[in-house]
1. Which of the numbered conditions does B:Leu40 fail, given that it passes all the others? Conditions: (1) farther than 21 Å from B:Lys179 by Cα; (2) in contact with a Phe, Trp or Tyr (Cβ under 6 Å, 6 or more places away or on another chain).
2. Looking at A:Thr132, is it open to solvent by 10 Å² or more (accessible area, probe 1.4 Å), in contact with a Leu (Cβ under 9 Å, 6 or more places away or on another chain) and polar (S, T, N, Q)?
3. Restricting attention to the range B:229-255, which residues are open to solvent by less than 20 Å² (accessible area, probe 1.4 Å) and not acidic (Asp, Glu)?
4. Since A:Leu7 meets every condition but one in (1) part of a loop (DSSP other than H, G, I, E, B); (2) within 15 Å of the ligand (Cβ to nearest atom), which condition does it not meet?
5. For the range B:52-93, how many residues are farther than 18 Å from A:His73 by Cβ, more than 7 Å from chain A (Cβ to nearest Cβ) and aliphatic (A, V, I, L, M)?
6. Please go through the range A:29-76 and give me each residue that is within 17 Å of B:Val58 (Cβ to Cβ) and away from the ligand (no atom under 13 Å from the Cβ), ordered by number.
7. Does B:Pro99 fit the bill of being touching a Lys or Arg at 6+ places or on another chain (Cβ under 7 Å), on the phi < 0 side of the Ramachandran plot and open to solvent by less than 10 Å² (accessible area, probe 1.4 Å)?
8. Give the range B:308-345 a look and list any residue that's polar (S, T, N, Q) and closer than 26 Å to B:Gly174 by Cα, or say none.
Amino acid sequence: MKEGYELIYQRPKTLTDTRMHYCPGCFHSTMHKLMMEVVEEMDLQENTIGVCPVGCSVFAYEYMNIDVQEAAHGRAAAVATGIKRIHPDKLVFSYQGDGDLAAIGTAETIHACNRGENFTFIFINNGIYGMTGGQMAPTTLVGQKTSTSPYGREPAKVGLPLKMAEIVSRFGRVAYVERVSCNTAANARKAKKAVRKAFEYQLQKLGTTFIEVASNCPSQWKCTPEESLDWIKDHVLPYFPLGVFKEPEKKEK
Amino acid sequence: MGEIKLMKGNEALAEAAIRAGMQAYFGYPITPQSEVIEYLAREEPKHNYVLLQAESEVAAVNMMYGAGGAGGRVLTTTSSPGFSLMQEGVSYMTCTEIPGVFANIVRGGPGLGTIQPSQGDYFQAVKGGGHGDYHVIVLVPNSVQEMADHVFLAFELADKYRIPALILSDGAIGQMMEKLELPDPVPYKPNKPWATTGKTKDRERNILTSLYIKSEDMEIKNIHLQKKFREIEANEVRFDEYKTEDAEVIITSYGLTSRVAKKAVDIGREQGIKLGLFRPITVWPFPKGRIAELASRDDIRFFISIEMSAGQMVEDIQLNVCGKKPVHFYGRMGGIVPTPQEILDTVQSHLKE
Ligand SMILES: Cc1ncc(C[n+]2csc(CCOP(=O)(O)OP(=O)(O)O)c2C)c(N)n1
């Protein structure tokens with residue numbers, strides 16, 4: 001450290017030096033960083049096992065400096081269940097996109113939540129299949145154009161976008177559900193707080209913890225990163241409102 | 001000496017898993033093997049293992065992947081339609097090199113089929129039922145005793161080679177009761193430095209993935225896997241023979257039908273036909289070398305494969321007999337078990353040729 005300078009920020013040691021492959025502006029990078037900061041701040045590197053999905057974040061293990069298992073498409077919740085059952089005292093999370101968690105993996109998601117599996121879901125809902133080239137997701141907004149809904153999503157044909165945070169918050173053994181975003185600095189700070197709370201509740205063995213991130217995909221939304229933030233504010237958040245859907249009751253002091 | 005008991009094949013398998021140090025079982029009920037999860041559920045309070053009835057076989061195999069990857073000694077059991085659903089996961093486990101033990105208590109197919117015993121899943125088990133170039137170790141018990149013994153062997157081989165090991169049995173062996181000597185419990189001490197247990201300061205992080213996006217890397221991974229498969233082929237072939245020394249006709253058969261075939265050998269010999277039985281105990285790795293040796297023997301007139309299928313293992317016999325002798329086939333399908341008489345009639349008709 002240079003004399004007279006004060007270190008106010010540095011990359012957490014829980015992130016590797018590998019340069020991320022994500023498109024400019026993508027929240028995957030932001031969320032990786034926030035999560036790994038929390039792991040470092042809680043001193044959990046030695047006790048954390050992550051599960052990465054198939055989707056744009058398939059390479060998340062290149063960036064997260066922790067033990068990771070790569071799951072088959074949609075199966076992260078089952079893989080995380082297996083890991084957590086063997087290591088009930090370690091911190092386990094699954095990191096999944098909307099195609100992964102809410103289409104091909106819906107059964108695994110619902111049943112892990114219903115059992116109250118004591119791990120944390122980090123659900124990156126960008127309303128589209130990023131990795132495979134911008135096809136419609138179960139969370140694509142009504143009227144939103146994608147390569148498989150080129151005239152806009154039609155509910156009469158494919159139903160309405162799935163609200164996963166709302167759905168899983170109904171399960172008795174789910175402890176904590178919050179929807180966050182990273183579209184503003186303030187929201188990103190809240191997202192980090194939510195991750196921290198989820199990890200803390202997990203370590204207290206309170207049940208399933210579920211963080212949905214109203215995320216973006218400038219490349220497949222065919223817009224600039226800045227425009228993607230406006231789209232979130234104007235279109236995503238009115239349908240997918242931010243906030244806590246469920247939280248363990250605070251003990252009276 | 002181990003404990004002597006009268007048990008169903010499925011229950012013997014379950015009890016053996018407990019004694020072999022199984023740490024987690026994930027499964028989904030399906031006839032004719034649900035006794036395994038039911039037995040483990042009854043015994044659970046006395047032991048320390050994880051038992052979870054999954055929401056599907058798809059989930060079960062991925063729980064295996066997670067728990068096996070995290071260092072656990074893991075088991076699942078299923079029957080044909082369920083094993084089909086597990087294939088994606090088996091392919092992932094093979095490439096990621098996560099050990100785990102599977103049992104497929106085969107029933108008649110295709111489709112929903114019947115709950116009666118069959119050997120119709122041989123191709124799926126032996127030729128790689130999922131996508132990609134791979135094999136799993138396949139053990140084929142023919143008794144309740146072997147249902148138990150093979151669990152120990154399967155866990156040992158799976159861990160040794162970091163590969164899924166499959167016990168390929170059938171509804172009859174799963175359901176029938178026989179006397180067996182239960183193997184004594186072994187203390188299981190995991191030595192899996194590659195497992196995801198949390199990155200400690202003294203090591204690099206452990207990543208379990210089957211993703212190799214660059215073709216060159218994917219080829220290197222494949223070469224590594226193939227080398228391992230060759231090593232298993234060199235070291236782990238197992239088979240059994242009955243009266244083959246002076247046989248003129250070699251019956252090849254595994255699992256349940258090998259019991260029927262043995263009876264046919266005895267009856268045939270009483271009638272003066274020199275029959276012998278060759279019984280693979282591993283069908284992958286396949287006892288290629290021994291089949292080739294037998295095929296070179298002058299006194300052997302032909303081979304005949306007896307199966308509960310339309311003719312699956314017979315292809316591996318043909319491959320290794322390599323045209324040196326005729327290879328015939330007799331099988332029943334759909335859950336029907338051939339009788340010794342049917343086998344003898346077929347042998348007789350070929351002897352007249
Ligand atoms: C069994 C299977 N089916 C399909 C695919 C192809 N595939 C890969 S990623 C993906 C969708 C990913 O979308 P999402 O989960 O929303 O994540 P994102 O890429 O947007 O981050 C699909 C369909 C696959 N890898 N495996």
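The values are calculated or read from the model by the stated rules, or taken from the named source; none is laboratory data. Here the structure is a predicted model, which is why all the values come from computation and not from measurement. When we count neighbours, we look across all protein chains shown, and the Cβ atoms used for this are built from the backbone with ideal geometry, even at glycine. These area figures cover heavy atoms from the full protein model, side chains too; ligands, DNA and RNA do not enter into them. Shrake-Rupley method; radii C 1.70, N 1.55, O 1.52, S 1.80 Å.
1. Unmet condition: (1).
2. Numbers: open to solvent by 10 Å² or more (accessible area, probe 1.4 Å): yes; in contact with a Leu (Cβ under 9 Å, 6 or more places away or on another chain): no; polar (S, T, N, Q): yes.
No; evaluated as a whole, the condition is false for this residue.
3. Going residue by residue through the range B:229-255, those that are open to solvent by less than 20 Å² (accessible area, probe 1.4 Å) are B:229, B:232, B:236, B:244, B:247, B:249-255.
Those that are open to solvent by less than 20 Å² (accessible area, probe 1.4 Å) and not acidic (Asp, Glu): B:Phe229, B:Ile232, B:Thr244, B:Ala247, B:Val249, B:Ile250, B:Ile251, B:Thr252, B:Ser253, B:Tyr254, B:Gly255.
4. In the conditions (1) part of a loop (DSSP other than H, G, I, E, B); (2) within 15 Å of the ligand (Cβ to nearest atom), A:Leu7 misses (2) alone.
5. 2
6. Residues of the range A:29-76 within 17 Å of B:Val58 (Cβ to Cβ): A:51, A:53-54, A:69-76.
Residues satisfying the conditions are A:Val51, A:Gln69.
7. For B:Pro99, the condition - touching a Lys or Arg at 6+ places or on another chain (Cβ under 7 Å), on the phi < 0 side of the Ramachandran plot and open to solvent by less than 10 Å² (accessible area, probe 1.4 Å) - is met.
8. Keep residues of the range B:308-345 that are polar (S, T, N, Q), which gives B:309, B:312, B:318, B:320, B:339, B:341.
Result: B:Ser309, B:Gln312, B:Thr339, B:Gln341.
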